[in-house]
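Notes follow once the structure below has been shown.
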Amino acid sequence: MWVNYNPNPKGRNVGDCSIRAISKACGLTWQEAYLELALLGIELGDMPSANAVWGAYLSRNGFIKEHLANSCETEYTVDRFVRDNYRGVYVLALSGHVVCAIDGGYFDSWDSGKEIVLYDWRLANAV
């Protein structure tokens, strides 16, 4: 189930999906998530929104990466993912987008339920 979620203090929703997703998944404000990803981006020499940066952040904070392509059909949507994974905290990587899923809901500034999940990061101790 989609839950409208946009913690951006200015209400913007373009280019900051990784920050929005991590803020929800990690219980941070938008500003805290932005700052932590920016600092890690500096350390890694990449942009805060780069998959390598937000992935490293999640890895350092107890998330485990799971590759869905090896275990699921190619049309595995966000809607289907949250129905199949109705307990836990996840950050889902889509094509050009990132979304947080928690306990059967996905939190995003738009309904991304029909988008295809490429891989997910699961909080290890939340399931």
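Elements of the type strands (runs of 3 or more DSSP E) sitting completely within segment 22-127 and holding at least 2 residues that are aliphatic (A, V, I, L, M): these cover 89-94, 97-102.
Scanning segment 10-33 for residues that are modelled with pLDDT of 95 or more, surrounded by fewer than 22 Cβ atoms within 10 Å (Cβ to Cβ) and farther than 18 Å from SER95 by Cβ yields a total of 7. Checking each residue in segment 1-37 for being β-branched (Val, Ile, Thr), free of Cβ contacts under 8 Å to residues at least 40 places away in the same chain and touching a helix residue (DSSP H, G or I) at 6+ places or on another chain (Cβ under 9 Å) picks out ILE19, THR29.
Go through the residues of segment 87-109 one by one and say whether even a single one is in contact with a Gly (Cβ under 8 Å, 6 or more places away or on another chain) and of a type in the set (Val, Ile, Thr). Checking segment 87-109: at least one residue is in contact with a Gly (Cβ under 8 Å, 6 or more places away or on another chain) and of a type in the set (Val, Ile, Thr). Cβ-Cβ distances below 9 Å connect the following pairs, each with a first residue in segment 86-106 that is on the phi > 0 side of the Ramachandran plot and at pLDDT 95 or above, a second residue that is among the basic types (Lys, Arg) and part of a strand (DSSP E or B), and a separation of six or more residues or different chains: GLY88/ARG122.
The values are calculated or read from the model by the stated rules, or taken from the named source; none is laboratory data. These numbers were taken from a predicted model, which means no experiment stands behind them. Cβ: placed from backbone, ideal geometry, glycine included. Neighbour counts: every protein chain shown.
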